[in-house]
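This report concerns only the one structure given below.
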Amino acid sequence: MPPPATVLQGAPVRIANRFVIDLRGPIAGYSAADRAKATVERIEKILATETDRAITLQDVEDGEAVQVLVAGKPAFIVAPIDVNAQGGETPRILAREASRRLETAMLEWGEQRTPHYLALAAAYATGATLLFAALLWLIFRSNHWLGRRLSARAVARARRLRVGGANVLESSHVHVMTRRAMTLACWVLAVGLTSVWLSAVLQLFPYTRPWGEDLNGNLLELVKQVALAIAGALPGLLLVVVIFVLARGVMRLSSVFFDRVAAGKADVAWLDADTAAPTRRVFNFAIAVFAVAMAYPYLPGAGTEAFKGLSVLLGLMISLGGASVVGQALSGLVLMYAKAFRVGDYVRIGEVEGTVIEMKMFATRLRTGLGEEITLPNGGIMGGAITNYSRAVPGTGYVVDTVVTIGYSTPWRQVHAMLMEAASRTPDIVAEPQPIVRQTALSDFYVEYRLAAYTPVASPARRIDVLSQLHANIQDVFNEKGVQIMSPHYMMDPAAPVLAQP
């Protein structure tokens, strides 16, 4: 059975926080950490005792390894185990590179122990920090001053950009987007300036210099990657912007047409004022979906697996959670196109009665006579009965009706006359169209009479006042004529009629 393969380990050698070489192990009974620790101790001892710190290379082990000497004393050995043979490295090449890094590290080791150098670096760092703070203050100060002027110019240009007499871009949106773009640019500039300042300050001190160099290198690499990504995405983004600008222009032009139809200024056979608003919503939604479908392939990263996974996740979320939303929207469209009611109509929907104050795709809002505002989902409205009191007579106003039950001993003609008199006493009930009285039921102990009248008032709060006045007048007239109202239940004739005292 062959022996198990030895797992190689690596340990870095750092002098003055500067990376010199990565030594590996185990070799000759020493682990990688042991080799690195012993190397650091030898080099620091040489630096502490020797002034002539010349670095030389010497072949050892019959030329298979290279020994690095400092001031003629051994520092470390670069063995074949330390090199990457597949990458074309040799002990000589790796030793030469390590010697160059070691020379820089020894120089910084000396700077760390020089008070004059550290004091000068601290002075430079203080000056750089003050300059950084001043530039940062100037950036955010100029954001307000320059942002106002740029947004004003952008709004002025947006107002001049018109297609078919309609503005392509909203002035308020242009103002907000310009200010946000300016703020974003200031933050990007501030972050970049912070990175430059931090990198410069770190490089002033020997111990932190490697961190500053890494930060500066990473920043340049990031800027390079971002610049290349932006340059590669610009053609697609430009096409996406063109698609959405054209879609926005089509929506604005269609809005002008639909607004004219809604205002009664345009006569179209297949469209009227009531259905102009929902038709505009459907048309704009179709244009938006078409624009998204056209722009999707040109979005940056649209072909990546991450973007595809996000698209699948969004589609799944919409399919699972959007069924009820789509149902409500379709119910709203059906209500708008069926013209069951419109804004301003007084309706009864189920147990709710009030004036329609708003019709949307997903819900309808009513204002009751008591001042309550009730929101009803359109799906629930479609599943119940709708009574529209405003469709009895053209124009404003609606029907008010009430029911009374009177015993069979009272002539029905007299009851009709009394109800008509009560209606005539009510100020907000008009004579034309004339109120009507109908006998809607012949119950076991009484007759049910329904009075229906018309009032031109438009406020929902006034309707309950009109009905209250009508009920008061009915009670007054019946008391005056000595007729007892047999509500809510009638079982037997009392000894004397039950009437309210004057």
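Derivation of every value follows stated rules applied to the coordinates shown; laboratory data play no part. Predicted, not measured: the structure shown is a model, and the values here were computed from it. For neighbour counting, all protein chains shown are included, and Cβ atoms are generated from backbone atoms with ideal geometry for every residue, glycine included.
Filter region 444-460 for residues that are in contact with a Gly (Cβ under 9 Å, 6 or more places away or on another chain) and in a strand (DSSP E or B); which is surrounded by the most Cβ atoms within 10 Å (Cβ to Cβ)?
It comes out as Thr455.
Could you please let me know if Phe76 is aromatic (Phe, Trp, Tyr) and within 24 Å of Leu198 (Cβ to Cβ)?
On the way: aromatic (Phe, Trp, Tyr): yes; within 24 Å of Leu198 (Cβ to Cβ): no.
So Phe76 does not fit the description; no.
Tell me, which residue of region 358-371 that is over 15 Å from Arg462 (Cβ atoms) and not polar (S, T, N, Q) is surrounded by the most Cβ atoms within 10 Å (Cβ to Cβ)?
Step by step, filter region 358-371, then rank; the result is Leu366.
Going through region 90-134 one residue at a time, which ones are among the polar types (S, T, N, Q), free of Cβ contacts under 8 Å to residues at least 24 places away in the same chain and closer than 30 Å to Gly63 by Cβ? Before you say what the answer is, go through the steps one by one.
First pass over region 90-134, keeping only residues among the polar types (S, T, N, Q): 90, 99, 104, 112, 114, 126, 129.
Still in the list and also free of Cβ contacts under 8 Å to residues at least 24 places away in the same chain: 90, 114, 126.
Residue satisfying the conditions is Thr90 alone.
Please list, ordered by first then second residue, the pairs with beta carbon atoms under 6 Å, 6 or more apart or interchain, first in region 340-357 and farther than 13 Å from Gly384 by Cα, second among the aliphatic types (A, V, I, L, M) and outside any strand (DSSP E or B).
Val356/Val343
Please find, within region 65-111, the residue that is farthest from Asn17 (Cα to Cα) out of those that are in contact with a strand residue (DSSP E or B) (Cβ under 7 Å, 6 or more places away or on another chain) and hydroxyl-bearing (Ser, Thr, Tyr).
Across region 65-111, the extreme among qualifying residues is Ser99.
Mind checking which strands (runs of 3 or more DSSP E) fall wholly inside region 22-78 and carry at least 3 residues that are surrounded by fewer than 16 Cβ atoms within 10 Å (Cβ to Cβ)?
Details: elements: 55-60, 65-70, 73-78.
Where strands (runs of 3 or more DSSP E) fall fully within region 22-78 and carry at least 3 residues being surrounded by fewer than 16 Cβ atoms within 10 Å (Cβ to Cβ), they are 55-60.
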